[in-house]
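Reviewing the structure listed below.
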Amino acid sequence: MSGRLSDFIKTYSTGTDGALSSMEYGGLFIEAHGSPPDQCILVLSGTSIQLADIEFFINCLVGKGYSVASIERDIGGLIDFKTDSKADRKLALGDFIDHLKRDRGISSIHIIAQSYAAFEVARLLVEAPETYRASIPAVVLVNPAGFDRQMRYVPHCLRFLFIHVLSGYASAVARLVISGRNAPETRRDFRRKLSAVHSFFIKTVRNPIRTFKEIADIVSFDIIPYVKLLIEKYGFSFHFVLNGDDNLVSASRTLEWSRRLVPHENVTVFPGNHLDFFVDERQIVSFMDTLGMIAVRGKHA
């Protein structure tokens with residue numbers, strides 16, 4: 001990755017009910033050659049996913065001429081009782097956007113938010129919609145959490161910790177075994193998928209307290225009214241990119257809601273599972289065309 005995480009490290013302290021809390025995150029910014037100096041794509045990954053896990057996706061964006069920013073969050077340890085993703089992720093996003101605008105001269109930020117990252121985007125934008133609308137022409141939600149109102153805590157814990165991981169392992173290994181005669185790029189896709197699932201599982205169990213708190217947030221927070229308000233009252237442009245075989249969040253229920261909230265052309269469905277969008281080269285290439293059309297529409301919004 002051509003940018004450096006050490007380019008921007010921030011410790012954020014804020015008063016909460018009279019007490020000080022500290023939140024630290026890393027910020028990455030990679031300026032692509034020939035990219036407009038005042039524009040970038042801000043990629044936000046979901047729970048248990050760090051920059052190393054989306055490096056391939058980020059490099060593909062940069063290779064296509066997009067300047068890219070992203071946030072790195074510490075996973076934490078086994079007994080990290082103070083972790084508060086619900087507050088920290090929103091604070092980090094707001095602070096990093098301020099940094100991009102103030103210190104990098106960025107005035108146009110397209111946001112790509114995967115899975116749980118949809119929550120911090122919705123929460124932040126609702127706080128100051130008029131301010132953010134001027135600098136965020138489009139928000140792309142990739143397999144977003146929160147659009148399944150039937151989701152319950154214990155079933156989602158099982159889905160999160162076992163079903164998604166085991167099926168991902170099995171699928172990637174099986175595809176590698178039977179794809180011996182396939183093109184090298186196809187086998188590389190399957191290897192990246194296997195690596196992504198492995199990394200997701202390790203980081204999920206590394207800090208179980210954080211994981212269970214985030215799952216509790218996912219099943220309790222109703223994101224739909226937030227997104228509806230941002231679209232209908234404040235004119236934000238939302239887009240949905242979904243994997244139809246997602247077994248971590250309900251692709252069918254998310255698709256149902258996305259079609260109620262945005263025009264048909266703002267919804268794209270790919271095959272594959274929850275993490276495939278970041279590692280499947282064919283999907284990424286196809287997404288580049290969609291991203292180009294989103295950028296064009298954003299200029300005329």
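The values are calculated or read from the model by the stated rules, or taken from the named source; none is laboratory data. For clarity, every value in this text was computed on a predicted model and none was experimentally measured. We place every Cβ from the backbone using ideal geometry, glycine too, and count neighbours over all the protein chains shown. Please note that ligands, DNA and RNA were not included when accessible areas were found on the heavy atoms of the full protein model with its side chains. Shrake-Rupley method; radii C 1.70, N 1.55, O 1.52, S 1.80 Å.
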Sorted by chain and then number, the residues having a modelled amide H within less than 5 Å of the amide H of F270, at least 5 places away or on another chain, are L242, N243, G244
Note, ³J(HN,Hα) from phi for the range 117-122, Karplus 6.51, -1.76, 1.60, rounded to Hz, x at Gly and Pro: 4, 4, 5, 5, 5, 4
Give me, ordered by chain and number, the residues 5 or more places off A138 or on other chains with an amide H under 5 Å from its own placed amide H. I111
Rounded to the nearest 20 debye, dipole of the range 204-301 from Cβ charges on Lys, Arg, Asp, Glu: 360 debye
Give me a comma-separated list of calculated 3J(HN,Hα) values for the range 105-112, in order, Karplus coefficients 6.51, -1.76, 1.60 applied at θ = phi - 60°, integers in Hz, x for any Gly or Pro. x, 8, 10, 9, 10, 8, 9, 10
Starting from the amide H of N247, placed 1.01 Å from N in the peptide plane, find each other amide H under 5 Å away whose residue is 5 or more places distant or on another chain. H274
How do E72, E214, E256 stack up against each other in accessible area, from largest to smallest, with a 1.4 angstrom probe? E256, E72, E214
For the range 36-43, take each phi angle, set θ = phi - 60°, evaluate the Karplus expression 6.51 cos²θ - 1.76 cosθ + 1.60, and give the result in whole Hz per residue in order, putting x for glycine and proline. x, x, 9, 10, 7, 10, 9, 9
